[in-house]
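Here is the structure we will look at, set down as structure tokens.
Every number in this text was worked out from the coordinates using simple rules, so none of it is lab data. It should be emphasised that the depicted structure is a prediction, and the values quoted were computed from it without experimental measurement. Cβ sites come from the backbone with ideal geometry, for glycine too, and all protein chains shown count toward neighbours.
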Amino acid sequence: MNIKTKLTLNIGMLVAMIVLLVSLSVVNLQILTATEPTSPAAGPGLQRALIWVSIIGGICIVCGLWMLKQLPASINKPVKEITDGIKEIANHNYEQRLNLESKEFEEVSKNFNRMAKRLADYHSSTLAEIKAAKNYMETIINSVKEPIIGLDNAMTILFINDEALSILNLQREEVLWKSAQEIALRNDLLRRLLRGVQDSFDEKNTAKNEPLKIYADNKESYFQMKCMKTGREGTSQKEGYVILLKNITEFKELDSAKTTFISTISHELKTPISAILMSLQLLEDSRVGSLNDEQQELAQSIQDNSDRLLSITSELLNMTQVESGKLQLKPRVTKPIELIEYAIKANRVQAEKFNIQVEVQYPEEKMGKLFVDSEKIAWVLTNLVSNAIRYSAENGRIIIGARKTKDNWIEMFVRDFGKGIDPRYHQSIFEHYFRVPGTKVQGSGLGLSISKDFVEAHGGTLTVESEIGKGSCFTLRLKA
Ligand code: ADP
């Protein structure tokens with residue numbers, strides 16, 4: 001029955017009852033007025049009329065109240081059913097259907113059911129696609145030989161491959177959909193990985209991403225950790241992390257073999273080079289016989305090249321010391337001026353050769369002392385002065401000096417007014433074997449990288465300020 005029929009029926013019933021009540025009252029009133037009020041028949045007649053009016057009136061009131069309760073409820077019922085249906089759909093219950101009998105809602109009901117069916121079909125098809133995609137992804141991740149771990153924003157482990165489980169020494173069911181932070185409480189390696197995730201997105205963190213030493217495949221292995229963020233900020237996509245560990249054990253082994261090889265060769269080369277230099281000294285001795293001009297020139301060339309060879313072998317030896325972690329510092333109390341004087345003395349011949357004037361800027365007031373391996377720091381300063389001379393034009397000048405900073409650091413600097421260094425290369429010149437493109441002066445590209453390693457091993461810094469055409473200033477900062 002539709003709402004219109006219901007309303008008509010209800011109002012019709014009410015009108016009929018009112019008409020019945022009024023007609024009854026009129027009939028009773030007529031009976032009353034027709035009979036003599038004092039006649040004996042008037043009393044019972046009046047009573048009968050009152051009883052009928054009360055009965056009919058009571059029935060009318062009960063019917064009215066019943067209609068008052070039923071009518072709004074019967075109109076509200078389909079609206080409520082529709083609202084409930086929509087709520088169910090919103091809660092992803094796509095099996096919900098409506099079965100409204102009233103005519104007005106029949107169409108709504110049909111359309112609702114059609115929509116619910118389509119949603120159910122769509123949902124089951126996308127779910128199947130997502131499941132298939134997930135299976136593909138899991139197969140790919142498991143086939144990768146590098147350990148991979150996927151985390152969501154709350155650090156829950158979403159996926160993990162067999163390699164990762166193997167190095168973490170965990171079972172899949174122990175970790176999947178569990179909080180990585182909780183598991184990390186009893187797993188050292190996972191704890192290190194989570195710290196790595198934090199560090200890799202911490203802008204203030206400037207520490208190098210050192211390889212992780214992990215016991216895997218029954219031997220010590222090295223892994224380089226790479227952490228990537230998934231999802232995009234500002235979109236509805238949730239952020240997460242993917243940890244990828246690259247096994248670099250093979251490269252490490254090759255690198256260490258290379259270091260050992262260079263170290264052995266450099267060491268072995270030192271003896272014959274020293275022998276050449278010794279023979280050269282004997283050759284130049286007048287007691288052995290005098291050399292003509294051409295022979296002297298050749299002897300000088302042998303001397304220069306042997307010196308260079310000796311300096312390269314010593315640089316290579318220093319580098320292998322740093323690379324193999326065998327750098328041993330023997331610190332002692334040293335005055336900065338002693339180191340400066342040593343560097344000047346070591347470069348005197350070279351400076352005279354190119355007629356370079358070396359100036360010293362050393363403050364009058366008390367400078368303080370350094371507690372450093374003086375051999376190593378003197379080597380650094382010697383190398384900086386040598387560079388300043390080599391990369392300056394003839395007849396130039398260089399300044400070497402020291403100063404104390406307010407925060408109790410001692411800064412030693414070597415300034416030249418030579419060709420300068422393009423700012424693009426200010427970082428790279430401190431890397432092994434790097435030489436600024438187009439550099440004609442001979443060199444190995446090792447001096448500055450070793451110097452930086454030596455200074456950093458003392459907890460200090462080595463920096464450069466330089467401008468093309470104006471010269472360069474290298475500053476070495478050490479704690480006083
Ligand atoms: P090498 O001097 O043996 O090549 P270094 O490590 O000492 O190696 O220097 C690396 C590079 O930095 C040099 O090849 C040179 O191009 C540049 N360089 C270093 N010092 C200076 C300087 N004082 N002036 C200009 N360029 C410099």
(request) Show which aspartates and glutamates lie in cross-link reach of Lys404 when reach means a straight Cα distance below 17 angstrom and same-chain residues fewer than eight apart are skipped. (result) Glu338, Glu364, Glu365
(request) Could you state the angle between the C-alpha long axis of helix 336-346 and the longest principal axis of the C-alpha atoms of the chain, as a value from 0 to 90 degrees rounded to the nearest 10? (result) 50 degrees
(request) Would you compute, from DSSP H runs of 4+ residues alone, the mean residue ellipticity of the chain at 222 nm, taking -39500 (n - 2.57) per run and dividing by the full residue count, rounded to the nearest 500? (result) -19000 deg cm²/dmol
(request) Compute the relative contact order of the stretch 144-247 as a whole-number percentage, counting only Cα pairs closer than 8 Å that sit 6 or more residues apart in sequence. (result) 29 percent
(message) Above 16 Å lies some portion of the pair distances; for the stretch 332-410, what is it as a whole percent of all C-alpha pairs?
(response) 51 percent
(request) Quick one: compute the contact order of the chain, relative version, from alpha carbon pairs under 8 angstrom and 6+ residues apart, as a percent. (result) 8 percent
(request) Calculate, axis by axis, the spread of Cα positions in the chain along the three principal axes, and write the results as whole Å, longest axis first. (result) 180, 55, 41
(message) Loop-only trypsin sites (Lys or Arg not before Pro) in the stretch 265-372, please: DSSP not H, G, I, E or B, and at most 10 other Cβ atoms within 10 Å.
(response) Arg287, Lys326, Lys366
(request) Would you mind checking the tilt of helix 249-284 against the longest principal axis of the Cα atoms of the chain, expressed as 0 to 90 degrees and rounded to 10? (result) 20 degrees
(request) Over the stretch 144-247, consider all pairs of different Cα atoms and compute the Kirkwood hydrodynamic radius from their mean reciprocal separation; express it in Å, one decimal. (result) 14.2 Å
(request) Just tell me the longest site-free run in the chain, where the sites are chymotrypsin sites (Phe, Trp or Tyr not before Pro) in a DSSP loop having at most 11 other beta-carbon atoms within 10 Å. (result) 202-432
(request) Measure nothing but the geometry: give the 0 to 90° angle between the long axis through the Cα atoms of 188-200 and the longest principal axis through the Cα atoms of the chain, rounded to 10°. (result) 90 degrees
(request) Using the Kirkwood radius over Cα pairs, work out the Stokes-Einstein diffusion coefficient for the stretch 332-479 at 25 °C and 0.890 mPa s, in µm²/s as a whole number. (result) 159 µm²/s
(request) For the stretch 298-372 and the stretch 125-165, write down the distance between their C-alpha centroids in whole Å. (result) 56 Å
(request) Treating the Cα atoms of the stretch 278-346 as identical point scatterers in vacuum, please give the log10 of the normalised Debye intensity I(q)/I(0) at q = 0.22 Å⁻¹, two decimals. (result) -1.00
(message) How big is the dipole moment of the stretch 170-227 about its Cα centre under a simple scheme where the beta carbon of each Lys and Arg is +1, that of each Asp and Glu is -1, and everything else is neutral? Debye, nearest 20, please.
(response) 60 debye
(request) Could you size up the charge dipole of the chain around its Cα centre, putting +1 on the beta carbon of Lys and Arg and -1 on that of Asp and Glu, and report it in debye to the nearest 20? (result) 1600 debye
(request) For the stretch 332-479, give the magnitude of the charge dipole about the Cα centre (Cβ charges: +1 Lys/Arg, -1 Asp/Glu; no others), in debye to the nearest 20. (result) 60 debye
(message) As an exercise, identify the trypsin sites (Lys or Arg not before Pro) in the stretch 144-185 lying in DSSP coil whose Cβ has no more than 15 other Cβ atoms within 10 Å.
(response) Lys145, Lys178
